[in-house]
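Trainee: Just dropping this structure here.
The values are calculated or read from the model by the stated rules, or taken from the named source; none is laboratory data. Just so you know, these numbers come straight off a predicted model, no measurement behind them. We place every Cβ from the backbone using ideal geometry, glycine too, and count neighbours over all the protein chains shown.
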Amino acid sequence: MSLTSRNTVQFYLAMLLAIFSFSSLAETHPSSSEKQLIKALYIPLADHYAALVAYERYRGEMQYADFQIEQMKNWDFLRAYFQSGEVDMAYVMSPLAMDMFNEKQHFRWVGLMHRDGNALAINDLLNQEVQVLPERKDRKPDSKVADALKKVFQQTGRATEIGMPHLLATHTVVLYRYLKEHGLTMTISPNDNAEVLAISVAPPKSPVFIKSKSNRAIPAAFEQSLPWADVVETGGFGYVGWYSKDVMPWSHGHVECIALATDKAIANKHDAVKEVMTYIHRAGEDIEIARNEGGDKLEEIVNIVRKHIPAHTREAIIASLDPELRVINYQHLNIDKAGLKQIMDLAVEGGILKQAVDIDEFADPQFSVDRIN
């Protein structure tokens, strides 16, 4: 074989090797055009901060998922959109998610978004009776708020309205448990005779709700996800009464908002769904590190949140992530069946959830992330 022929053969062998290597690399690392769209719905709450951090920090690193998030104005819009089957994932309060499952079993529970994370805020009129302690860490679910609500009912014969993000909220379950433990009753119907009437108030409107009641000299409260209770306290027109973690104690924190994925996405976009959940866990770890270290790391989290949710003030975000209070946490985000059962049983008992679900059928634990948890 001549030198020219040998060089030609070596050239083509080198080309074939390069093509094979590129092909193998492409199979291992799909191109952006080969990524599968994972569209997730969320509500502007501290509950969903990990999704925002995962989107901003890690969507570029994802090999299988083209991760997109869409903010919804309220829970009913989110429910309708997700139930249409047009999106892949949603982050939803657990009683609402179970009610959605009872309505249409086309999705599964694939993980948690956080633990704990909601609080009761009271207006000035109720606080005249309660007299909250100066330090928020010292405010526990003792009888003071219950006594104030009972006194209002005895004096006026009217129930105190307490705003929930949705009647099918974990918050409603937490409030039901608190009132029950102090001998008070709660209703979700204005025609029932009870000390407390739980009503639906969209989270962003809850500060205005409590402020308008105060302006009309009407006692009122709301129980909402963070940071809304902190917004009214840092804004000077309300007070945090207590935090849900103290009403609903549970190992690692009680179940609250959970991640859902459609059966279609699980079947056809398995690796992409798994990747999104993995980075949700990683983002949760980032938030935990930032809250403990403070400084620039915490400011980076604040900036990410405010980019998507400008209504959350810097002060309220930092207050919500206070490492001493730890009233919300983003750890242990794998499926917790016993924790969900705690919420479900109380929701059914209180008439909040009409029907229980088969948790084993509802849950899909294959998306657990052992590396983080």
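Trainee: Can we say Ile280 is under 23 Å from Tyr64 (Cβ atoms), surrounded by 23 or more Cβ atoms within 10 Å (Cβ to Cβ), among the β-branched types (Val, Ile, Thr) and in contact with a Leu (Cβ under 9 Å, 6 or more places away or on another chain)?
Mentor: The answer is yes for Ile280.
Trainee: Please pick out the residue among Ile258, Ile210 that is closer than 21 Å to Ile328 by Cβ, surrounded by 24 or more Cβ atoms within 10 Å (Cβ to Cβ) and at pLDDT 95 or above.
Mentor: Working: Ile210 fails: at pLDDT 95 or above.
Sole residue among the options that is closer than 21 Å to Ile328 by Cβ, surrounded by 24 or more Cβ atoms within 10 Å (Cβ to Cβ) and at pLDDT 95 or above: Ile258.
Trainee: Still on this model: Can you pull out the residues in the stretch 202-221 that are touching a residue at least 12 places away in the same chain (Cβ under 8 Å), more than 13 Å from Leu45 (Cβ to Cβ) and not basic (Lys, Arg)?
Mentor: The answer is Pro207, Phe209, Ile210, Ser214, Ala217, Ile218, Pro219, Ala220, Ala221.
Trainee: Out of the helices (runs of 4 or more DSSP H) lying entirely within the stretch 286-373, which hold 3 or more residues that are within 19 Å of the chain's Cα centre (by Cα), crowded, with 16+ Cβ neighbours inside 10 Å and small (Gly, Ala, Ser)?
Mentor: 314-320
Trainee: Still on this structure: Filtering the stretch 99-147 down to residues that are under 21 Å from the mean Cα position of the chain (by Cα) and basic (Lys, Arg), which residue is nearest to Asn334 (Cα to Cα)?
Mentor: Going through the qualifying residues, I end up with Arg115.
Trainee: Let me ask something else. Which of the residues spanning the stretch 115-135 are out of contact with any His (no Cβ under 8 Å at 6 or more places or on another chain) and in contact (Cβ under 8 Å) with a residue 60 or more places away in the chain?
Mentor: Within the stretch 115-135, Gly117, Ala119, Leu120, Ala121, Ile122, Asn123, Asp124, Leu125, Leu126, Asn127, Val130, Val132 qualify.
Trainee: Would you say Val173 is over 21 Å from Tyr243 (Cβ atoms), surrounded by 20 or more Cβ atoms within 10 Å (Cβ to Cβ), out of contact with any Phe, Trp or Tyr (no Cβ under 8 Å at 6 or more places or on another chain) and in contact (Cβ under 8 Å) with a residue 12 or more places away in the chain?
Mentor: No; evaluated as a whole, the condition is false for this residue.
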